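Structure record follows, encoded as structure tokens.
Laboratory data are not the source of any read-out in this text; all were calculated from the coordinates shown. The structure presented is a predicted model; accordingly, all values stated were derived computationally and were not measured. Methodologically, a virtual Cβ is constructed for each residue, glycine included, from the backbone with ideal geometry; neighbour enumeration extends over all protein chains shown.
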Amino acid sequence: MMRLHLLGATGEVTGSSSLLEVGKKKVLVDFGLFQGAKFALEKNRRLPPVDVRKIDAVVLTHAHLDHSGRLPMLARLGYKGPIYASPATIDLTRLLLGDSARIQQSDAERAAKRLVRQGRIPPEPLYDEEDVATIMSQFVPMPMNKTTQVTQGVSVLPHDAGHILGSTSLKFHLEEAGQTRIVVFSGDIGVRDTPLLCDPEPFHEAHWVVMESTYGDRDHRSIAATIEEFLQILVTAEAEKRRVLIPAFAVGRTQQLLYYIGVLTEQGRLPESLPVYLDSPMARAATQLHLDHPELLDDETKRKDFCARLDRLKKRVRIVESRADSMSLNDDWSPCVIIAGSGMCNGGRIVHHLKHSVWRHNTDVLMVGYQSNGTLGSQLVKGLKKVRILGQMIEVRAKIHTLGGFSAHAGQTELLDWLKPLAARKPMVLLNHGEDRSREALAEKIRNDFGLNVTLPEPETSFDL
């Protein structure tokens, strides 16, 4: 018996998780947080349909919380087995899970004060920092482009997905009772020709492909046009004394923004009189990890260029260290740029900056990443005139800009390019990690271009391999 169970990110873009069953062996692929959507908290407390103590191995595609964010729950429930991931993914996951545990604890304490007054029992955090420490001790480095046997009858080959540092697509080789199946998980597929990261590396054979479809219905604006729009917003802000807030994921997006700010400053196109603040301790640590893993930057020239530019940026970008320093930025209304997490505005320091600024006419908010339904970021992109921030309804008078060209997710054409080398083998394609409009559009293109069978699985669907 070989079966695949899709446990999350079916018809949505968070909560990625799948379970492979090969005979009596069970391998979990990702175990991510559901974010933003209604009932996300209930979904996050839902466990795999198997005793976690009987799972033989876990394999992680990359560090983002929508793929890694529930792993510490496994430690709390008694999972003792290995978790395989690329070395850079291990480093980034440690950073992200630690921050997630601290945020959950803080949110729980704040909720407890409110709920106790109402005579209600406050919910417990999903996990704490001790759970994070336990699960991190179970990680095993998985070398890129080399096959690793994770349990009897199951081996995996990771390729660079080009999404964030250390991100992987996975090819599983399954053997049971004389039968062999190859199952490919795309993970999150990155954009070609972006600075720092390698291009996504496809596979060439599979019986089944589990493929992301975040932007399956459209292509991004070109990076050149996006940079020009980005520059114009910043130049206008300096001239008109406006404040620019950029919610950015600490891993990947922030490093990309810093890179382009460095380029534009060196070209003399971005005024040095416009202060740029990096208000994210986690982003600062993640940036250092990019320097710690030069083997994953896409070539020697770009490695040297990135390191040199980052060194020069230390004089250009002002690092915000403490919460007090972060709060003080809201007392000074001179024009500036503030880059802070989180990217979907569902936590972190950006929420406080939005609370103090989004009601002001002289504010620009630059959305530079995907906004999942239900998040504050999604509400701003949709043009809501009032939003709830930290328990208060606040008028939205700021200008909201969407710069999709900075996305770390492949657009439709790049998704098709990634799949094309596999198409000759006629695999069955399962589209996940995408909302239905995106999945439907990509499915139609795959059927028309490649003649493949494509399925849009419902939540918690199983397939006999």
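Across the chain, Cα pairs under 8 Å and at least six residues apart give a relative contact order of 20 percent.
Net charge in the neighbourhood of residue 152 (other residues with Cβ under 12 Å of its Cβ; Lys, Arg +1, Asp, Glu -1) is 0.
Cβ crowding within 10 Å, taken as a proxy for footprinting-reagent exposure, orders 327, 2 from fewest neighbours to most as 327, 2.
For the stretch 374-388, 3J(HN,Hα) computed residue by residue from phi via the Karplus equation (6.51, -1.76, 1.60; θ = phi - 60°) reads x, 7, 4, x, 5, 5, 5, 5, 6, x, 4, 7, 9, 9, 8 Hz, glycine and proline entered as x. Computed with the Debye formula from one identical point scatterer per Cα of the chain, without solvent, the log10 of I(q)/I(0) at q = 0.08 Å⁻¹ comes to -0.46.
What's the longest uninterrupted piece of the chain once you rule out the GluC sites (Glu not before Pro) that are loop residues per DSSP with at most 16 other Cβ within 10 Å? Between exposed loop sites, the widest span is 1-204. Among residues other than residue 50 with Cβ under 10 Å from its Cβ, the summed charge is +1 (Lys and Arg +1, Asp and Glu -1). In this label model, residue 420 and residue 284 are separated by 4.4 nm, measuring between points 7 Å along each Cα→Cβ vector. Over the stretch 369-428, the reciprocal of the mean inverse Cα-Cα separation, the Kirkwood hydrodynamic radius, stands at 14.6 Å. DSSP bridge analysis restricted to the stretch 346-465 gives an antiparallel fraction near 40%, rounded to the nearest 5. Computed per residue of the chain from DSSP H runs no shorter than four, each worth -39500 (n - 2.57), the mean residue ellipticity at 222 nm is -10500 deg cm²/dmol. Looking at the chain alone, DSSP beta bridges between its own residues are antiparallel in about 50 percent of cases.
Electrostatic bookkeeping for residue 436 treats Lys and Arg as +1 and Asp and Glu as -1; over the other residues with beta carbon under 11 Å from its beta carbon, the sum is -3. Once backbone amide H atoms are built at 1.01 Å from N, residue 84 has 58, 59, 60, 140 as its partners under 5 Å, excluding neighbours fewer than 5 places away on the same chain.
Residues of the stretch 201-217 with the amide nitrogen closer than 19 Å to a label point 7 Å from the Cα of residue 180, along Cα-to-Cβ, please. Label zone hits: 203-209. Between residue 240 and residue 137, the modelled label-to-label distance comes to 5.6 nm, taking each label 7 Å out from Cα in the direction of the beta carbon. Near residue 150, the amide H atoms lying under 5 Å from its own belong to 155, 156; only residues 5 or more places off or on other chains count, and H is placed 1.01 Å from N. Considering only 118, 339, 289, the residue lying farthest towards the positive end of the dipole of the chain is 118, judged by Cα position with unit charges set on Cβ.
Placing one identical point scatterer on every Cα of the stretch 106-215 and ignoring solvent, what is log10 I(q)/I(0) from the Debye formula at q = 0.12, 0.13, 0.14 Å⁻¹? Each listed q maps to, in turn, -0.65, -0.71, -0.76. Beta bridges per DSSP, both residues in the stretch 223-406: antiparallel share near 15 percent. A P(r) calculated from all alpha carbon pairs of the stretch 223-406, with 10 Å bins opening at zero, reads 9, 39, 38, 12, 2 percent.
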